[in-house]
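Written out below as structure tokens is the structure these notes cover.
The values are calculated or read from the model by the stated rules, or taken from the named source; none is laboratory data. Treat the numbers as computed from the prediction; the structure is a model and nothing was measured. With ideal geometry, Cβ positions are generated from the backbone for all residues, glycine too; neighbour counts draw on all protein chains shown.
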Amino acid sequence: MKWFAEQGHKVTGIDRSAEALDTAARFGRAILADLENAPWPLQNGKHTQQFGAVVVTNYLWRPIFPLIAASLAPGGLLIYETFSAGNETVGKPSRSDFLLQPAELLGAFASLRIVAFEEGFLDQPARFLQRIAAVKPDSPNPDLRLPRRLAL
């Protein structure tokens with residue numbers, strides 16, 4: 001949050017840890033919410049609040065994939081990075097519930113225009129992960145050609 005706020009963006013952070021949000025609140029709006037056991041905190045009646053960008057790191061709860069996509073405004077950017085299968089060989093998380101399967105983010109966000117995708121092993125610290133950058137189409141009939149590659 002800090003980096004985005006320093007760039008002049010209004011930011012909203014969501015976490016179930018009040019301690020984490022104490023720090024985050026210095027940079028923008030902080031919402032205390034348990035995404036796994038409570039209603040989606042960005043719901044306003046029948047509508048989900050939308051953002052120009054959604055960034056998810058080191059977190060996986062598959063039931064909210066559609067809500068994450070719905071939280072993107074038309075033309076909005078999703079950046080998602082978390083652990084993937086193989087990580088159990090180098091550390092935590094190690095339970096399969098918390099590890100993406102091969103190319104899982106591509107399927108989960110197939111309704112978006114994929115700009116970049118990466119999966120594999122990184123060292124320092126050793127971890128297996130997937131990364132995706134995707135854009136929500138501006139119109140219901142998007143041009144599905146890939147734009148220039150985006151380095152992650």
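Odds and ends about this structure:
For every residue, the table says whether it meets (1) under 18 Å from the mean Cα position of the chain (by Cα); (2) farther than 25 Å from Lys2 by Cβ; (3) surrounded by 16 or more Cβ atoms within 10 Å (Cβ to Cβ).
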residue: Phe51; (1), (2), (3): yes, no, yes
residue: Leu77; (1), (2), (3): yes, no, yes
residue: Tyr80; (1), (2), (3): yes, no, yes
residue: Ser84; (1), (2), (3): yes, yes, yes
residue: Thr89; (1), (2), (3): no, yes, no
residue: Ala110; (1), (2), (3): yes, yes, no
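- Ser17 vs. criteria under 23 Å from Asp97 (Cβ atoms), modelled with pLDDT of 90 or more, loosely packed, with under 13 Cβ neighbours inside 10 Å and of a type in the set (Gly, Ala, Ser): yes
- Check on Ala69, within 15 Å of Arg131 (Cβ to Cβ) and among the hydrophobic types (A, V, I, L, M, F, W, C): no
- Test for Arg149: is it under 30 Å from Thr89 (Cβ atoms), at pLDDT below 85 and not aliphatic (A, V, I, L, M): yes
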